[in-house]
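The values are calculated or read from the model by the stated rules, or taken from the named source; none is laboratory data. None of these values were measured; they are calculated from a predicted model. Ideal geometry is used to build each Cβ from the backbone, glycine not excepted, and the neighbour counts take in all protein chains shown.
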Amino acid sequence: MHGGPPAERSTWKATPRLVLRSGLRIGTFAVIMLAILLVSSGRTDWVMAWVYIGVFAALSATGSTILALSNPELMAERRQIKAEAKDWDKVLAPLVTVYVPLAVWIVAGLDIRHRWSARIPVELQLATLGVAVAGSLLAMWAMRSNRFFTLICRIQRERGHTVVTSGPYRYVRHPAYLGGITFNLATPLILGSLWGLIPAGVLLCLFVLRTTLEDRTLRQELNGYADYTQRVRYRLLPGIW
């Protein structure tokens, strides 16, 4: 029999629609981000803001496509997944993905408008952009390696959830969070704002908290994860934590 079970074939047929809807959401979000940066800065000629949004949109579209291709059923069940999220992640997930990054963009824009920070060399901004791209690629590698990858914390018992030990999970237990932290800490410097590092620091703390809570949940509820933590000892940074 070819093509897999009927439910699987149906999900794969829906994948192009999922990718299209995701692309529309990302495009809309990118336009909103750009508007926030330009309005808060009072400038339409802020070159690094345009560059940042372009890179962000391209990386987001790539990551979303990877997730849709590797986990189309999870993309299709977005509402159900949100309902099954842990209570603590229902609070933390929107904070780390929307609200605190929003604060970073606003502060960076105001910094540019009022010139609170010393000028950051363009060379450093571009180098930091490279670091941000590397962080995003790490997150994409995690998505591609983990067929149970989701944007919220839940145990996928209906899919036979097991511990993933391949790809970047051989080195740290939460590589996607490391990638997200890298991208978000780089953002203020890409935009030329030292003051933006303040909300970015808050975001770092929230990521660390979310990593801690997710790691505890997986230890308690996912078979084999406790043994995995003995082999891969570090959550985010090898040799540190």
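Check off (1) buried (at least 18 other Cβ atoms within 10 Å of the Cβ); (2) modelled with pLDDT under 95 for Arg159 and give me the number that stays unchecked.
(1)
Go through the range 33-57 and give me each residue that's loosely packed, with under 15 Cβ neighbours inside 10 Å and either within 19 Å of Leu126 (Cβ to Cβ) or touching a helix residue (DSSP H, G or I) at 6+ places or on another chain (Cβ under 9 Å) (or both).
Matches in the range 33-57: Val39, Gly42, Arg43, Thr44, Asp45, Val47, Trp50, Gly54.
In the range 126-147, which residues are out of contact with any Phe, Trp or Tyr (no Cβ under 9 Å at 6 or more places or on another chain), surrounded by 17 or more Cβ atoms within 10 Å (Cβ to Cβ) and in contact (Cβ under 8 Å) with a residue 60 or more places away in the chain?
Thr128, Met140, Arg144
Show the residue pairs meeting these rules: Cβ distance below 7 Å; 6+ apart or different chains; first residue within the range 218-231 and under 21 Å from Trp88 (Cα atoms); second residue loosely packed, with under 14 Cβ neighbours inside 10 Å and not basic (Lys, Arg).
Arg219/Ala226
May I ask you to list pairs of residues, at least six apart or on different chains, whose Cβ atoms are under 8 Å apart, with the first in the range 43-59 being under 15 Å from Gly135 (Cα atoms) and free of Cβ contacts under 8 Å to residues at least 60 places away in the same chain and the second being surrounded by 16 or more Cβ atoms within 10 Å (Cβ to Cβ) and among the aliphatic types (A, V, I, L, M)?
Phe56/Ala30; Phe56/Met33; Ala57/Ile26; Ala57/Ala30
If a residue counts only when it is modelled with pLDDT of 85 or more, which helices (runs of 4 or more DSSP H) contained entirely in the range 1-87 have at least 3 such residues?
6-41, 47-70
If I ask for residues that are of a type in the set (Phe, Trp, Tyr) and either within 11 Å of Val164 (Cβ to Cβ) or in contact with a Ser or Thr (Cβ under 6 Å, 6 or more places away or on another chain) (or both), which ones from the range 217-234 would you list?
Tyr225, Tyr228
Tell me yes or no: at least one residue of the range 98-107 is touching a residue at least 24 places away in the same chain (Cβ under 8 Å) and closer than 23 Å to Asp215 by Cβ.
yes
Being part of a loop (DSSP other than H, G, I, E, B) and of a type in the set (Gly, Ala, Ser) is the filter here, so list the residues in the range 201-241 that pass it.
Correct list: Gly224, Gly239.
Taking the range 170-200 as the region of interest, how many residues are more than 16 Å from the chain's Cα centre (by Cα) and part of a helix (DSSP H, G or I)?
Total satisfying the criteria: 7.
Which ones in the range 102-124 are in a helix (DSSP H, G or I) and surrounded by fewer than 19 Cβ atoms within 10 Å (Cβ to Cβ)?
Correct list: Leu102, Ala103, Ile106, Leu110, Arg113, His114, Val122, Glu123, Leu124.
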